[in-house]
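Have a look at the structure below before the remarks.
The values are calculated or read from the model by the stated rules, or taken from the named source; none is laboratory data. Since the model is a prediction, treat every value here as computed from it, not as a measurement. As a convention, Cβ positions derive from the backbone with ideal geometry for all residues, glycine included, and neighbour counts pool all protein chains shown. For accessibility, only protein heavy atoms count, side chains too; no ligands or nucleic acids. Shrake-Rupley method; radii C 1.70, N 1.55, O 1.52, S 1.80 Å.
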Amino acid sequence: MMQIDSRSRISDIRNTSEPDNLDTATLQAAPDAGFDTLRRSSEQGAEAFRQPVAELTIVVPTYAERDNIAELVRRLTTVLAGIDWEVVFVDDDSPDGTSALAKSIASADPHVRCIRRVGRRGLSGACIEGILSSSSPIVAVMDADLQHDETLLPPMLKAIQTGADLVVASRYIAGGSAAQGFSGIRRWGSGLATGMARILTGTQVSDPMSGFFMIRREAIEDHAEALAGEGYKVLLDILWTAGKSLKIVELSYRFRERRRGESKLDALVTIDYLGLLFSKLLGGVLPVRFLMFGAVGASGIAVHLLVLGYALSTLHLSFEWSQFTAVIVAMTWNFVINNRLTYRDARLSGWRFVRGLVMFYLACSIGSVGNVGVASWIYSFHEAAWLAALAGAIIGAVFNYAVSSALIWKRK
Ligand code: GDD
Ligand code: MN
């Protein structure tokens, strides 16, 4: 299915836009001419100016990388001399003005584009959006912070041109290394995650978590709807969704240390990654965020029971007071963890935190009324307590999740 003859496509496109000379006479005449002439002449002008589509688009997700992008463009320009390329920065409205800088570079350099996304955060989503914005037959994804070795791009391109569908730049095959780029806990998490990913996706790729790869664009276009687009592991997502149909090549590189700015990924990405695994295992029907919300809710039940036991047996409170305390502590726990984890891309602080917490208490209260209502209703005609309770809990959770996503942690 991947037998796409990209070379002939490129030459087709080139042929249609070969530089016929711009008809300056028509353009000059245009201002005085009627609307039709004006339109026709501007169409001819566009035809004359249209650039052939680049052979390679490099998608670079950015968040607060102002100090790195000019240097990255310089390096790409050097290393890709002789190749028809473009770079697309996909910036999530970084507060440091990364997108403004990228656009000012773009205004002078036709190799550069920038997509500024407002009110959204997320590495995978940014990568997919950048890829889908491209018309090139071949796309690469790499980080902005110069940790990925740009000199690997020409050999990666060569591998695609000679038949590969996907080329993964790997830290973990002979010749590659992860250097000191990672803290101990992340190295451990990364090793564990890599092993699990290999088993679950059935691919032999040594570095399924790599943020540096090149792929035929059609391979993504064909599967765009099945990709989760959440979290940080876009390559894993691609491997999972399309891996079996792709001819994959791995090339080694040394993961460099970041010199400017700081990493946006922390130990929490391992949890995020487990969310992606579960979501994929369940066929992608439930969003990663909902699964995380559910997992946090489950941990809240444990917290509830612990507090309840402590209040009853150690503090000797009445059952009512113990239960009340446990409910408040568990709701607060859920709120704090969701704020830190599930909705960390829309994290609340200061007054917004307090306001969010109050809203969360309210939402949970309404959710639990719904929970009890549905459970009692089901129990009234079907005396299976577990079924009634489960249905009630699901209704409550879905309600809380909907309110949380739409009202409490809404992204502006
Ligand atoms: N648009 C957008 N939105 N970009 C983001 C976001 C976001 O929410 N978060 C991070 N980025 C960008 C960063 O600006 C950077 O260019 C790139 O994504 C990687 O982020 P880092 O914060 O530098 O991640 P890392 O170095 O810890 O890990 C990277 O390299 C690993 C090895 O290849 C990631 O690519 C990992 O996925 C990868 O495993
Ligand atoms: Mn990095």
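Are any of the residues in region 315-327 under 34 Å from the mean Cα position of the chain (by Cα), in the same structural domain as Asn400 (by TED's automatic domain parsing) and of a type in the set (Phe, Trp, Tyr)?
Looking through region 315-327, none of the residues is under 34 Å from the mean Cα position of the chain (by Cα), in the same structural domain as Asn400 (by TED's automatic domain parsing) and of a type in the set (Phe, Trp, Tyr).
Of all residues in region 127-170, those that are within 13 Å of ligand 1 (Cβ to nearest atom) and without any contact (Cβ under 8 Å) to a residue 24 or more places away in the chain total 0.
Once region 78-127 is narrowed to residues that are open to solvent by 50 Å² or more (accessible area, probe 1.4 Å) and of a type in the set (Lys, Arg), the residue that is nearest to ligand 2 (Cβ to nearest atom) is Arg121. For region 232-239, the criterion of being open to solvent by 40 Å² or more (accessible area, probe 1.4 Å), among the hydrophobic types (A, V, I, L, M, F, W, C), more than 16 Å from ligand 2 (Cβ to nearest atom) and touching a residue at least 60 places away in the same chain (Cβ under 8 Å) is met by no residue. The number of residues in region 340-355 being of a type in the set (A, V, I, L, M, F, W, C) and either touching a Pro at 6+ places or on another chain (Cβ under 8 Å) or at pLDDT below 90 (or both) comes to 2.
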